Amino acid sequence: MSSAIIISISAVAAVASGLATARADAPAAPTRSWNFDADRSGVAPSGFSFGRTGGGAQGNWIVKAEPDAPSSPNVLAQVDTDTTDYRFPVAVADEPTLKNFRLSVKCKPVSGKVDQACGLVFRYRDANNYYITRANALEDDVRIYRVKGGLRVQFASWKGKVAAAAWHELRVEGQGDHFQVSWDGKKVIDAYDGTFSEAGRVGVWTKADSVTYFDDLSVMGLP
């Protein structure tokens, strides 16, 4: 083999190696976070859109001061107590739009007779099409669902303590069709679903008459 061919092969290998290293070392997208402390109390926060899956009232999302807020002084609160069972108010950040991500929030189930739920939505297209993972203090469980055409279908769950009137951390990481959910720092769900493969928005969610507080919503894009 001539020296020219050897040099050419070596050059191609070096370029391929460099591309692979660049992909492996590629930084994740910057983290976006919302602590609602700069928003005016008593009204909905800026930079969010609001909707509802199912029936009943739309939901009432307001910023309010709370003395035990994880990042003082404000939280985002869903305070409407309509008892319609198949009713899921959502508050969704207008940006970013992500496919692969690490998403987390601090949440506090405050009250509710039908449900006491806090949730995260991701790959959100509209109020009838998205993924949701949620914790429920009345049922003591964490679940993950797909919502397609307004129909909610569970595809994985975990049974364990979800204390009411206390702050918790709910986290989900999504890469392709693989989703991992953590509750208070412990991984509780490892599941797969390929229903929504496109990028979408992220946000928070409640159910029925749940009064729930949220703080420190954070998302980071993943390669």
Starting from the Cα gyration tensor of the range 69-163, multiply each eigenvalue by 5, take the square root, and state the resulting semi-axes largest first in whole Å.
-> 20, 18, 15
Return the carbon/sulfur percentage of the accessible area of the chain, one whole number, probe 1.4 Å, all protein chains in place.
-> 52
Spin-label proximity, ALA165 to the range 93-128 - amide N less than 15 Å from point 7 Å beyond Cα toward beta carbon = 108-113, 116
Taking the Cα-to-Cβ direction at ASP126 and at LEU138 and moving 7 Å from each Cα, how far apart do the two end points lie in nm?
-> 3.0
For labels at LEU222 and GLN154 in the simple 7 Å Cα→Cβ model, what's the distance in nm?
-> 2.4
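So what's the projected area for the chain, the Cα convex hull averaged over all directions, in nm²?
Projected area, direction-averaged: 14.6 nm².
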The chain - charge dipole about Cα centre, Lys and Arg +1 at Cβ, Asp and Glu -1, debye rounded to 20 = 360
Kirkwood Rh in Å, taken over all unlike Cα pairs in the range 145-223 = 14.5
Per principal axis, largest first, the Cα atoms of the range 179-223 extend in Å by 33, 25, 21
Please list, in chain and number order, the residues 5+ apart from LEU222 or on another chain whose amide H is under 5 Å from its amide H, with Hs placed from the backbone.
-> ALA29, ASN100, PHE101, ARG102
The relative contact order of the chain, taking Cα pairs under 8 Å that sit 6 or more residues apart, comes to a percentage of 28
Which angle between 0 and 90 degrees, to the nearest 10, do you get for helix 3-25 versus the longest principal axis of the chain when only C-alpha atoms count?
-> 10
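The values are calculated or read from the model by the stated rules, or taken from the named source; none is laboratory data. As the structure is a computational prediction, the values presented were derived from the model and not from experiment. Glycine gets a Cβ as well: all are built from the backbone with ideal geometry, and neighbour counts include every protein chain shown. All accessible areas refer to the heavy atoms of the entire protein, side chains included, with ligands and DNA or RNA removed. Shrake-Rupley method; radii C 1.70, N 1.55, O 1.52, S 1.80 Å.
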